[in-house]
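In what follows, a structure is listed as structure tokens, so that the remarks can point back to it.
The values are calculated or read from the model by the stated rules, or taken from the named source; none is laboratory data. Remember, predicted model here, so these are calculated numbers, not experimental data. The protein model used for the area step is the full one, side chains on, heavy atoms only, and it has no ligands, DNA or RNA in it. Shrake-Rupley method; radii C 1.70, N 1.55, O 1.52, S 1.80 Å.
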Amino acid sequence: MKWLMLSIALVASTPAYADTSRGMGVGVTASCGKWLQDREKKDYSSMGNWASGFLTGVDFVTGNKVLEKTDGAGVFYWLDNYCRTNPTNVFGDAVQEFYLAHAKKP
């Protein structure tokens, strides 16, 4: 999974957590289709909170401030669009794609 490689790279820069090799939470294995189903039912708080926490953590570690110019609704709207196009993708990959699309380019 793409997001796992990013997570490991970020975590590896923090010595205390360098041996962490997997993520935890609903975004790790859930599909984009599940995200869209939950959004339709207005029961997406678990996946939304996971995505928010992941992005907040990545932002904190990298300093890229991808959340600086948007809010939760903006992030979720972007994820909705991504997931409609890629319903079988892992939700964690969608969240990583959001980050990569909004991160400052070197």
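In order along the range 90-100, the Karplus-derived 3J(HN,Hα) couplings, from 6.51 cos²θ - 1.76 cosθ + 1.60 at θ = phi - 60°, round to 6, 4, x, 5, 4, 5, 5, 4, 4, 4, 5 Hz, and Gly and Pro are given as x.
When we measure straight from the Cα of LYS34, which lysines land under 26 angstrom away, once same-chain ones fewer than 8 places off are left out? Within reach: LYS2, LYS42. Close amide H partners of SER31, meaning residues 5 or more places away or on another chain with modelled amide H under 5 Å apart, are PHE91.
The share of accessible area on the range 52-106 that comes from carbon and sulfur is 58 percent, using a 1.4 angstrom probe.
Accessible surface calculations at 1.4 Å, restricted to protein heavy atoms, place the range 48-89 at 58 Å² per residue.
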